[in-house]
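As structure tokens, the structure follows; a few thoughts come after it.
The values are calculated or read from the model by the stated rules, or taken from the named source; none is laboratory data. Keep in mind the model is a prediction, meaning the values are calculated, not measured. Heads up, the Cβs are rebuilt from the backbone with ideal geometry, glycines too, and the neighbour counts pull from every protein chain shown. Accessible surface areas use protein heavy atoms only, side chains included; no ligands, DNA or RNA. Shrake-Rupley method; radii C 1.70, N 1.55, O 1.52, S 1.80 Å.
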Amino acid sequence: MVDAILSPILEQLTSMAVEEAKEQVRLVTGVGKEVKKLTSNLRAIRAVLHDAEKRQVKEETVRLWLDQLRDACYDMEDVLGEWNTARLKLQIDGVDDHENDALVPKKKVCSFFPTASCFACKPLVLRRDIALKIKEINEALDDIAKQKDMFGFSVNVTKRNERADHRVPTISSIDESEIFGRAKEKKELVNWLLCESSKEQKGPCIISLVGMGGIGKTTLAQFAYNNDGVKRNFEKRIWVCVSEPFDEFRIARAIIESLTGSASNFGEFQSLMQHIQECVEGKKFLLVLDDVWNEDYYKWEPFYKCLKNGLHGSKILITTRKDRVARCMRSTNVTSVNVLSEIECWSVFEQLAFFDRSKEECEKLQNIGRQIVRKCKGLPLAAKTIASLLQSRNTEKEWQNILESEIWELEEVERGLLAPLLLSYNELPSKVKQCFTYCAIFPKDYSIRKKELINLWMAQGYLSEKGAKEMEDIGEEYFNILASRSFFQDFDKGDDGEISNCKMHDIVHDFAQYLCSNECLTVEIHGGEESAMSSFGEKKILHLMLTLYRGASVPIPIWDNVKGLRGLRSLLVESDDYSLSNEVLPQLFEKLTCLRALKLEVCEQWLCKNFIKEIPTNIEKLIHLKYLSLCGQREIEKLPETLCELYNLERLNVDDCVKLRELPRGIGKLRKLMYLHNDFSISLRYLPVGIGELIRLRRVREFVVGGGYDRVCSLGSLKKLNLLRQCKIRGLGYVSDAGEAARAELEKKKNLIELGLYFDHLRDGDEEQAGRRENEEDEDERLLEALGPPPNLKELRIYQYRGRRNVVPKNWVMSLTNLRDLRLIDCRNCEHLPPLGKLPSLEDLYIVGMQSVKRVGNEFLGVESDTDGSSVIAFPKLKELMFRNMEELEEWDFGTAIKGEIIIMPRLSSLIIWSCRKLKALPDHLLQKSTLQNLEILGECPILQERYREETGEDWPKIRHIPNIEIK
């Protein structure tokens, strides 16, 4: 994992020195030599890291050496961050004339040596500071490099697939009396093995058991393999422990030996495959491949081809920790093997821990034993390992010691339980290892929000852009790698099927803590427990999550007393009643200058009585800060201008800061800002004009254009923001210049996939009226025509548009070929619906509050009445359609006057009608669709509710076939 820190440092050292020379900014004498020496040391150390990280598990001295190296690398990261920030400051702020003459000479400067007069310049004092820090780190690295020679590390020539440990091969036999629980899984698995495959199935049916190490996959497979019914069903049964590396020759020989009773002497792989094919021909077989890691289908394909010769009904059963393995091996059935219940886990534990004990002993130790089992959290391997350890412990004190001990401090547990977890961990890419151990910052059983986790990884520099790939997309990849290898569990998914939340098993969490040497810590402080922070001792904490409960407070001196917090890189504070006083925050900003991520969020706003009222001006001290979240801080009215000195800031979250009136005017200096979250910051009436200079912006939740204010952004400020992916434009109700809209150049924003257009007024009372335009209907129509559609848009929202026509102009309809989700809300003057049937990719359509529409007809389909005899599909991909609050809508009918064949909404699955009180009927051919699974008639729809009433409604027979009907 240290390599994931060290390698980027080497890259930065090289590139930054080159950039300094290119920009002609002079550095302090000798820094070039120091950088060269530092680079040499780091390269020599990197060459032995693979061996060192393998040995750290069993050799404490190696572990300590790696800790020293890790600390030095973190220090180096901080220095490089200062160096980079100083350069950035010079580029953005510029310097006064005297400093400019000294630092940015007009003539080309070829050396790093400054003139004597330059030492008086403030930026060069910083440069000298940086050079001295680099020298100190070099001295530390000298010692570390010398120590590495004492260990006799081997240089990294190890094959990629070599693992740090070797798993004992599994066998097929099992004592069924040792299997507890899993009644449902056992029954399902046996049924799958015994059921007949479909006649269309060519080749053996593949079944996969997926789950984390130690969860019981192999035990489940052994049970099924030895089931009497399974034995009778298959002529040949073969068990192969695959593990890593995937050795084709070994696996092939094992299959042949199991089939024929003798090992093969064939030397060529082709001969082995041919022999397997001959052995299985005409035979019904069951092949179990236990502990498969290989994701390369092409390594598996030769086996599958030669196994196709088996009799119809043959089966292959795979156990794996990786969901991706199951997919790449083309499994027809995939079962996730989950944790045992507490009762089942207790049965596993009890059988071993209480074996051959007297009734009195069992009663005496049972209470402690049940507490130990709770710590196992349903993981059978943990229960077995700890129970085996306790077999030789007879006193309550010995059992209590194990209950209270850190699990990884127990050598026996480490040997038994660490092996499968370490195998999974070592298989991860080095960057993903960092991401995994960072998860130890969260408390056990914490519901981790996937998007927030990726944001925090980004803030720590774990994600780097690769070509066209965004950091967020790389974070998604890393998350999926961890999820597919069972490091996460208990997934919650959104409506789109994407994972939104997950948890970590307690033992996986302990393992992450073990790996990162307690760099991550979570602390809960209740009222009157302020001393909890003093328990940090001398630990060097890098990432801290602090949960403050009602009545709790953080004492002011804490940041001075706890030395281990000085290098803190993440501080995530969650509270339902903020007690960080005005005295604490300035102290915090003064001391914790290494922070990359700072989260000061309110968990339950409705419970909170005390909010942060002001952000201290010395926030500028946090020069490394990339992530700042003030979400839910309802009392903050403004942010200090010094916030704009945070040149590395990438993400600013002021969601739900309801009293925040304005952002700092110097926001244009935050050149690295990529994400601005300002949802529900309802007092924010405009954004500063400098926002238009932030060309790295990917997301602006609410791009508020201000009418009648000085020095505020306009629609034209969007011109340079070509990396935007998501943007909601508000305040369009004040814009009267269609030329200004054209200058936004929305049609050139190829990355923009989510867009909201709000024709609203954001002010109150007289001030709002003063900003209103004359002829608002015509103004809105001209404005929308001038806003060209982005070419790759997938989601579009249009709110409070006042025009009578063209709520989606013709040029938009023709261009929105990728649009999947469209919502038209409160466009009250529109008399007709636009021809949305022409949108080829539209899947979800919500039309709400269009109060002037009286009839929906052919124009909605986008099909002309004089269409020739050719076939036409309107709404080819539409799945969900909602009409809501359409107060004047009376008729909905189309298609009758069109010549030729027309297919309407062939994929519609959900139709929702809500508060359309004048609507008389729904189109019959929509109700008759076999694809329609859901029909809802809600709110005030008296005519429809009577017409389609269950059993008694005149048109009930037309809808009774729909699976889900809700009328109320």
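Computed values, structure above
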{"read-out": "FRET efficiency for residue 142 and residue 355, using Cβ-Cβ distance with R0 set to 45 Å, rounded to 0.05", "value": "0.20"}
{"read-out": "Accessible-area value, residue 87, 1.4 Å probe, nucleic acids and ligands omitted, Å²", "value": "20 Å²"}
{"read-out": "Residue list for segment 220-252, given a label point 7 angstrom along the Cα-to-Cβ vector of residue 311 and an amide N cut-off under 20 Å", "value": "225-239"}
{"read-out": "Over 30 Å (Cα to Cα) - which of 202/299; 750/879; 638/794 fall in this group", "value": "638/794"}
{"read-out": "Pair residue 958, residue 907: separation of 7 Å Cα→Cβ label points (nm)", "value": "2.6 nm"}
{"read-out": "Solvent exposure ordering (accessible area, 1.4 Å, most first) of 284, 54, 466", "value": "466, 54, 284"}
{"read-out": "Accessible-area value, residue 61, 1.4 Å probe, nucleic acids and ligands omitted, Å²", "value": "80 Å²"}
{"read-out": "Per residue, in Å², the accessible surface of segment 667-762 once ligands and nucleic acids are set aside, probe 1.4 Å", "value": "35 Å²"}
{"read-out": "Over 22 Å between alpha carbons, listed pairs 877/918; 609/659; 877/929; 810/877; 621/672", "value": "877/918"}
{"read-out": "Nearest-0.05 FRET efficiency for residue 805 and residue 257, computed from C-beta distance (R0 51 Å)", "value": "0.05"}
{"read-out": "Dipole moment magnitude, nearest 20 debye, segment 667-707 about Cα centre, only Lys, Arg, Asp, Glu C-beta charged", "value": "240 debye"}
{"read-out": "Protein accessible area in segment 298-361, 1.4 Å probe - carbon and sulfur %", "value": "48 percent"}
{"read-out": "Accessible area per residue in Å² at 1.4 Å probe, computed on segment 346-505", "value": "44 Å²"}
{"read-out": "Share of carbon and sulfur in the accessible heavy-atom surface of segment 767-863 [1.4 Å probe, %]", "value": "39 percent"}
{"read-out": "Solvent-accessible area of residue 271 with every protein chain in place, 1.4 Å probe, in Å² to the nearest 10", "value": "40 Å²"}
{"read-out": "FRET efficiency, 1/(1 + (r/R0)^6) with R0 30 Å, evaluated for residue 426 and residue 269 via beta carbons", "value": "0.65"}
{"read-out": "Spacing of the two label points (7 Å from each Cα toward its C-beta) at residue 775 and residue 682, in nm", "value": "3.4 nm"}
{"read-out": "Distance violations [Cα-Cα > 24 Å] among 36/669; 503/613; 433/503; 375/503; 540/669", "value": "36/669; 503/613; 540/669"}
{"read-out": "Portion, in percent, of the accessible area of segment 427-516 that falls on carbon or sulfur, probe 1.4 Å", "value": "44 percent"}
